[in-house]
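Report on the following structure.
The values are calculated or read from the model by the stated rules, or taken from the named source; none is laboratory data. Fair warning: this is a prediction, and the values are worked out from it, not measured in the lab. Methodologically, a virtual Cβ is constructed for each residue, glycine included, from the backbone with ideal geometry; neighbour enumeration extends over all protein chains shown. To get the accessible areas, we keep the full protein, side chains included, count just its heavy atoms, and leave off ligands, DNA and RNA. Shrake-Rupley method; radii C 1.70, N 1.55, O 1.52, S 1.80 Å.
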Amino acid sequence: DAGVIQSPRHEVTEMGQEVTLRCKPISGHNSLFWYRQTMMRGLELLIYFNNNVPIDDSGMPEDRFSAKMPNASFSTLKIQPSEPRDSAVYFCASRPGLAGGYQETQYFGPGTRLLVL
Amino acid sequence: AQSVAQPEDQVNVAEGNPLTVKCTYSVSGNPYLFWYVQYPNRGLQFLLKYITGDNLVKGSYGFEAEFNKSQTSFHLKKPSALVSDSALYFCAVSEYGNNRLAFGKGNQVVVIP
């Protein structure tokens, strides 16, 4: 298995532009997580999905952020409009199963390094 | 809500010496504990986890961790550190019925040749 795939790996954009980050989870995994990593705040959970349904989006910083999972093999995280303070590394992770999911390992993608100028 | 504390920002160790990275946790019920490692410009890689059973858990790359319920700790250890072990290490915890994984702030490990 190729693992969790994220694209793009790097993104540089100007303030006000729309940014779309993409994630392909490991095949057969039922849960998908979006995280943001910064020096100041560490690793933060933004949102997670079970069976393509958003379960907890309490970590989404504001309305400029939105996430979708139209099917089991694809998810997007969109920022519109982007701001310099959104600069961070964004990780996607997936996990097998639903029942007892709290015992299961999350597998992380390589991340997207976003720089908003 | 569950939480994790990694008290040290950076751990320096000489190559060949034992390596310990500390982690304490807080949960309402039984904890499920994880260690991840992050190399520069890479995603987090799973090292090991404790779910139940033997308190000593063995993982990848020669790492192990010991679950101590009375001290609410799950310290990561390696008997002999390598320069290639230099990385950022994260401890994380979940608990029954909660699908969120709470991460610590991470510990930078520097292994000195």
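For the reader, a short list of remarks on this structure follows.
- The stretch B:16-45 versus the stretch B:57-113: alpha-carbon centroid distance in Å: 3 Å
- Computed from backbone phi with θ = phi - 60° and the Karplus coefficients 6.51, -1.76 and 1.60, the 3J(HN,Hα) list for the stretch B:100-106 is 7, 10, 8, 9, x, 7, x Hz; x is used for glycine and proline.
- Largest mean-square fluctuation among A:28, A:16, A:42, in a Gaussian network model of chain A whose springs join Cα atoms under 10 Å apart, belongs to A:42.
- Note on B:41-48: average number of Cβ atoms from other chains within 10 Å of each residue's Cβ is 5.
- Cα-based Rg / Dmax (Å) for the protein assembly as shown: 17.7, 53
- Accessible area (Å², per residue) of the protein assembly as shown, counting only protein heavy atoms and a probe of 1.4 Å: 47 Å²
- Histogram of C-alpha separations across chain B, 10 Å bin width, %: 15, 49, 29, 6, 0
- Our analysis of the stretch A:3-87 gives Rg over Rh at 0.95, with the two radii drawn from alpha carbon positions and Rh computed by the Kirkwood formula.
- Per-residue 3J(HN,Hα) values for the stretch A:80-92, derived from phi via the Karplus relation 6.51 cos²θ - 1.76 cosθ + 1.60 with θ = phi - 60°, read 8, x, 7, 10, x, 6, 7, 4, 4, 9, 10, 10, 10 Hz in sequence order (x marks Gly and Pro).
- Rounded to the nearest 5, the antiparallel percentage of DSSP beta bridges internal to chain A is 90%.
- Electrostatic tally near residue A:33: other residues with Cβ closer than 15 Å to its Cβ, Lys and Arg +1, Asp and Glu -1, net +2.
- Projecting the Cα positions of A:32, B:24, A:72 onto the charge dipole of the protein assembly as shown (unit charges on Cβ atoms of Lys, Arg, Asp and Glu, taken about the Cα centre) puts A:72 furthest along the positive direction.
- Each Lys and Arg adds +1 at its Cβ and each Asp and Glu adds -1 at its Cβ; summed about the Cα centre, chain A shows a dipole of about 240 debye.
- Surface composition of chain A: carbon plus sulfur atoms contribute 51% of the solvent-accessible area (1.4 Å probe, protein chains only, all chains present).
- Summed buried accessible surface, chains B and A, 1.4 Å probe, nearest 100 Å²: 1800 Å²
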